[in-house]
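Down below is the structure, laid out as structure tokens.
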Amino acid sequence: MSAATTRSRTPDRLCAEAVDLARAAAEEAAAPGIVGEHVELVSEGDRVVTHFFECKELGYRGWRWAVTVARASRAKIVTVDEAVLLPGPDAVLAPEWVPWSERLRPGDMGPGDLLPTDAEDLRLEPGWTGEDEPPPNSVVSEDMAALAEAEDAEVTAGPLAVPARGSIAAVAEELGVRRARVLSRYGLHIAADRWEEAFGPKTPMAQAAPAACVSCGFLLRIGGSLGQAFGVCANEFSPADGRVVSLAYGCGGHSEAAVMPKPPQPAPPVIDETRVDPFPLRPASDSGSVPVAADEDTEELGHS
């Protein structure tokens, strides 16, 4: 029989009349003055009724004290089964709990934080494996082991194995392929989608750009399969400086968007070193705009 059918039954008369008994049980579980008016009663089954009382506790708006009472078959005494505080239809509830791995967002990690990866992480797949390869979750120092223990991370304690010189593992480490796990195809796809959304052709900056990054001189190419669609911006004035950008992205800092012409350089001065130009120490007396008039008085005194 379904719960809906059970709850639709007519409440037991004696259990329904046991409001004072239910209130006393609620006040014993809570405190005097916290239990409010009787709200309703619900039939839970044969001779089982739940009484709901208003909760006046601060911070529990919309919650109700629920006291379930029952009686045995052919018995006249009603007893209390349980008394609990339950949220009502309009109760203020805390948000649904979300695991930390789903709450984490880019930029949340700080110095000293440890972010363990799941052994079955879909973003990763096994990389090169060898005989002397250390476990993928081995720690490299005692400090890291203590930090992992504080973060409740499951790691395998032990030093990181150092490959012998000339071994296959040593050559793999020198070539940069000695990694326990690498990005899977799924990891590549979600990384590409994330970068495309942040610095892709559909962003407002790219829509107003004069040209795409594929033709920009500030674009740094990256290796691997993602290099066919992405690069790194090296323009310090661009909003994507130091970021992975789509080759179809663009901004106003494109290297060929507005090339300023070089300013004209004046011709160097021509100096004739074979000719001598005389420069008089004193100007000529007739070089001024006022004519020189003879003064007989000054001439007698010896002045000119």
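The values are calculated or read from the model by the stated rules, or taken from the named source; none is laboratory data. Remember, predicted model here, so these are calculated numbers, not experimental data. Reconstructed Cβ throughout: ideal geometry from the backbone, glycine too, with neighbour counts over all protein chains shown. For the accessible areas, the whole protein counts, side chains as well, though only heavy atoms, and no ligand, DNA or RNA atoms are used. Shrake-Rupley method; radii C 1.70, N 1.55, O 1.52, S 1.80 Å.
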ask   = What are the residue pairs meeting all of these: first residue in the range 97-116, first residue touching a residue at least 40 places away in the same chain (Cβ under 8 Å), second residue assigned to a loop (DSSP other than H, G, I, E, B) and open to solvent by less than 80 Å² (accessible area, probe 1.4 Å), Cβ atoms under 7 Å, and 6 or more apart or on different chains?
value = none
inquiry  = Scan the range 100-119 and tell me whether some residue there is open to solvent by 60 Å² or more (accessible area, probe 1.4 Å), among the hydroxyl-bearing types (Ser, Thr, Tyr) and assigned to a strand (DSSP E or B).
reply    = no
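The rows are residues; the columns are (1) closer than 30 Å to Asp193 by Cβ; (2) touching a helix residue (DSSP H, G or I) at 6+ places or on another chain (Cβ under 9 Å); (3) among the aromatic types (Phe, Trp, Tyr); (4) modelled with pLDDT of 70 or more.
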site: Leu86; (1), (2), (3), (4): no, no, no, yes
site: Pro95; (1), (2), (3), (4): yes, no, no, yes
site: Ser101; (1), (2), (3), (4): yes, no, no, yes
site: Leu122; (1), (2), (3), (4): yes, yes, no, yes
site: Pro136; (1), (2), (3), (4): yes, no, no, no
site: Ala146; (1), (2), (3), (4): no, no, no, no
site: Ala153; (1), (2), (3), (4): yes, yes, no, no
site: Ala157; (1), (2), (3), (4): no, yes, no, no
site: Ala161; (1), (2), (3), (4): no, yes, no, no
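Being more than 26 Å from Val39 (Cβ to Cβ) and either of a type outside the set (Asp, Glu) or loosely packed, with under 13 Cβ neighbours inside 10 Å (or both) narrows it down to one residue among Ala91, Ala72; which is it? Lay out the reasoning, then the answer.
Numbers: Ala91 fails: more than 26 Å from Val39 (Cβ to Cβ).
That would be Ala72, the only listed residue that is more than 26 Å from Val39 (Cβ to Cβ) and either of a type outside the set (Asp, Glu) or loosely packed, with under 13 Cβ neighbours inside 10 Å (or both).
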inquiry  = I'd like to verify a number: residues in the range 30-61 that are at pLDDT 90 or above and among the small types (Gly, Ala, Ser), how many?
reply    = 2
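On the basis of being without any contact (Cβ under 8 Å) to a residue 60 or more places away in the chain, among the hydrophobic types (A, V, I, L, M, F, W, C) and open to solvent by 100 Å² or more (accessible area, probe 1.4 Å), does Val270 make the cut?
Working: without any contact (Cβ under 8 Å) to a residue 60 or more places away in the chain: yes; among the hydrophobic types (A, V, I, L, M, F, W, C): yes; open to solvent by 100 Å² or more (accessible area, probe 1.4 Å): yes.
Yes; evaluated as a whole, the condition is true for this residue.
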key: Residue tally, condition without any contact (Cβ under 8 Å) to a residue 24 or more places away in the chain and in a loop (DSSP other than H, G, I, E, B), over the range 206-257   = 9
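Mind checking which residues of the range 217-233 are surrounded by 15 or more Cβ atoms within 10 Å (Cβ to Cβ) and modelled with pLDDT of 90 or more?
Phe218, Leu219, Ala229, Phe230, Gly231, Val232, Cys233
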query = Mind checking whether some residue in the range 73-94 is touching an Asp or Glu at 6+ places or on another chain (Cβ under 6 Å), assigned by the TED database to the domain that holds Glu27, in a strand (DSSP E or B) and touching a residue at least 40 places away in the same chain (Cβ under 8 Å)?
reply = no
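Hey, could you check the range 238-267 for residues that are closer than 30 Å to Ala191 by Cβ and among the aliphatic types (A, V, I, L, M) and say which is surrounded by the fewest Cβ atoms within 10 Å (Cβ to Cβ)?
Within the range 238-267, the first condition is being closer than 30 Å to Ala191 by Cβ, and the residues that meet it are 238-257.
Imposing the further condition that a residue be among the aliphatic types (A, V, I, L, M) reduces the set to 240, 244-245, 247-248, 257.
Details: Ala240: 23, Val244: 20, Val245: 29, Leu247: 19, Ala248: 17, Ala257: 14.
The selected residue is Ala257.
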ask   = Can you name the residue in the range 18-52 that is assigned to a loop (DSSP other than H, G, I, E, B) and in contact (Cβ under 8 Å) with a residue 40 or more places away in the chain and is also nearest to Thr68 (Cα to Cα) among such residues?
value = Ala18
Ala70 vs. criteria over 14 Å from Ala25 (Cβ atoms) and small (Gly, Ala, Ser) = no
key: Whichever residue in the range 58-69 is of a type outside the set (A, V, I, L, M) and over 15 Å from Arg23 (Cβ atoms) and, among such residues, is surrounded by the most Cβ atoms within 10 Å (Cβ to Cβ)   = Trp63
